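One structure below.
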Amino acid sequence: MSPCETIQESLGPWLDGELRGADGEAVRSHVASCADCAAARGRLEKLQLTLGTVLSTEAPQLKFAPFWREVERRIEAKRPWHEQLIEWCQSTLSAPRLAWAVPAAIMLVLGLLSFAKWPVGGQADNYASVESIDAHGRNVALLRDDKTKTTIIWLYQNPEGENENVEEAAKSGPAF
Amino acid sequence: MELSDWQLVEKSQAGDADAFQELVSRYHQKVFMVILGLMRNREDALEVAQETFFRAFRKIKSFQGGSSFYTWIYRIAVNNSIDAQRKQKRNPLDFHESMDGLFEARNEVAKDPFADVQDRELRENMSKAINELTPEHKAVIVLRTIEGMSYKDIGEILGCSEGTVMSRLHYARKKLQDKLSAFL
Ligand SMILES: [Zn+2]
C-alpha cells in the first residue's frame, strides 16, 4: 500500500477526531504537502457536509404533544395475556435464575434417586455438590455425583437487562 | 435547576411518569431523526420512535447506568429499527398527508439548501445512495452524522468494537462516494 493510500484510509477517522497524537500529526502533515490527499480530504468533507444536510432536511420537526400521547397510550394500554405472560417469564425465569434452578433441580433428582436406592438407614456416602466460578463474564455451575462418577457442567452467560438484543444485533451482519 | 438524565432515570424507576415524560421530550426529536435515517420512511420512523420510548419505559427498571441514558435509548432505537426494517413494506420517504398534524409546519422563510437544480440532483442521488446501504452501514453513517458520536459510543450502541465502527464507516463512505462521484 502506498503512503497516499494509507493516509487516505485514515482521513475519515482523522476528520472525525478519532486520530490523536503521532497518528493524527502524520495525517495532518502529509495532507498539508500532498495535493492528491488534500483533494481526497476535500471530497470527504463535501460528502460529510451533504450527508448532514440531507439527513437533517429529511426529518421534519415533531410536535411533542401528539408524540407523547401515543407513547402514553401504549404504556397505559392493557396488553394481551400472552404478552404479559412472556414478559413475566422473561423477568422471572431470567438466565441467572434458570442457571441455578436447573442444577438445583438435577441435584434434587439425584438426591431423590439416592434415597430410592438406599432407603432410610442405607449408605450415606452418595452426594452431589454445586460450585460456581465467575470468569470472563461466564458463570459455571459444577454438579458432581461421586457414587455414579457423574459430573454435570452448566455454563451460562449473565446478560444485563440493559444489554438486551445487543448480541443479536451484532450477529445480524458482517463487520463491514 | 434542570435535572440530569440520570436523576430523571432514577425518578422514572421509582414510578414518576413526569420524569419519564421529560426524558422523552429531551430525546424524541433526535431519536426520530436517527430512526428516519435508518428506516427512510416518516410513517414507519414515527411508529418505531414511539415504540422505542414505550419499550424504554417497560425496561427502565433494568437500566443500571452502566452506560449513559442516551446510548441506552439509541441502542433500543437502532435494534427496533433493524427489526422493523425486516418487516418494512412502505417505500422509502413516502409521505402521507394524514401525518400533517404530527409535524411542525416547515419554516418557509428558511432557505432550501438544495435550491438549485444541480444541488437537488445531488440530494436525490444521496438519498437513493443511503437507501441502498446495508442496515449496518446506514447505522454507523447516521449515528456519526446526525449525532456526531464517537466511535466508542457507536460501538456501544451497535454492540461492536471501535475498530469495526471505523471499518464500517470507511466502507460506507466509500460506497457513497462511488455512487456520487459525478457530484463530489
Ligand atoms: Zn498523499
Tally, over segment A:23-41, of residues that are more than 33 Å from the chain's Cα centre (by Cα) and more than 13 Å from the ligand (Cβ to nearest atom):
1
Can you name the number of the only condition in (1) among the acidic types (Asp, Glu); (2) more than 16 Å from the ligand (Cβ to nearest atom); (3) touching a Cys at 6+ places or on another chain (Cβ under 9 Å) that A:Asp16 fails?
(3)
Report whether or not B:Arg42 is more than 13 Å from the chain's Cα centre (by Cα), open to solvent by 10 Å² or more (accessible area, probe 1.4 Å) and among the basic types (Lys, Arg).
no
Scan A:Lys46, A:Lys63 and give me the residue that is under 24 Å from B:Gly37 (Cβ atoms), facing chain B (nearest Cβ under 9 Å) and touching a Gly at 6+ places or on another chain (Cβ under 8 Å).
A:Lys63
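Which of the following residues is within 7 Å of chain B (Cβ to nearest Cβ) and charged (D, E, K, R): A:Arg74, A:Arg69?
Details: A:Arg69 fails: within 7 Å of chain B (Cβ to nearest Cβ).
Residue meeting the stated conditions: A:Arg74.
Scan B:Ser167, B:Ser181, B:Ser161 and give me the residue that is within 7 Å of chain A (Cβ to nearest Cβ), surrounded by fewer than 22 Cβ atoms within 10 Å (Cβ to Cβ) and among the polar types (S, T, N, Q).
The match here is B:Ser167.
Would you call A:Ile7 open to solvent by less than 70 Å² (accessible area, probe 1.4 Å), within 19 Å of B:Met166 (Cα to Cα) and without any contact (Cβ under 8 Å) to a residue 40 or more places away in the chain? Even if it seems obvious, please write down each step before you answer.
On the way: open to solvent by less than 70 Å² (accessible area, probe 1.4 Å): yes; within 19 Å of B:Met166 (Cα to Cα): yes; without any contact (Cβ under 8 Å) to a residue 40 or more places away in the chain: yes.
Taking the combined requirement at face value, the residue satisfies it.
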When A:Thr53 is evaluated against the numbered criteria (1) within 16 Å of the ligand (Cβ to nearest atom); (2) surrounded by 13 or more Cβ atoms within 10 Å (Cβ to Cβ); (3) modelled with pLDDT under 95, which criterion, by number, is the only one it fails?
(1)
Any residue in segment B:8-26 that is open to solvent by less than 40 Å² (accessible area, probe 1.4 Å) and outside any helix (DSSP H, G or I)?
no
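The values are calculated or read from the model by the stated rules, or taken from the named source; none is laboratory data. Note that the coordinates shown come from a computational prediction; the quantities given were computed from them, not determined experimentally. For neighbour counting, all protein chains shown are included, and Cβ atoms are generated from backbone atoms with ideal geometry for every residue, glycine included. To get the accessible areas, we keep the full protein, side chains included, count just its heavy atoms, and leave off ligands, DNA and RNA. Shrake-Rupley method; radii C 1.70, N 1.55, O 1.52, S 1.80 Å.
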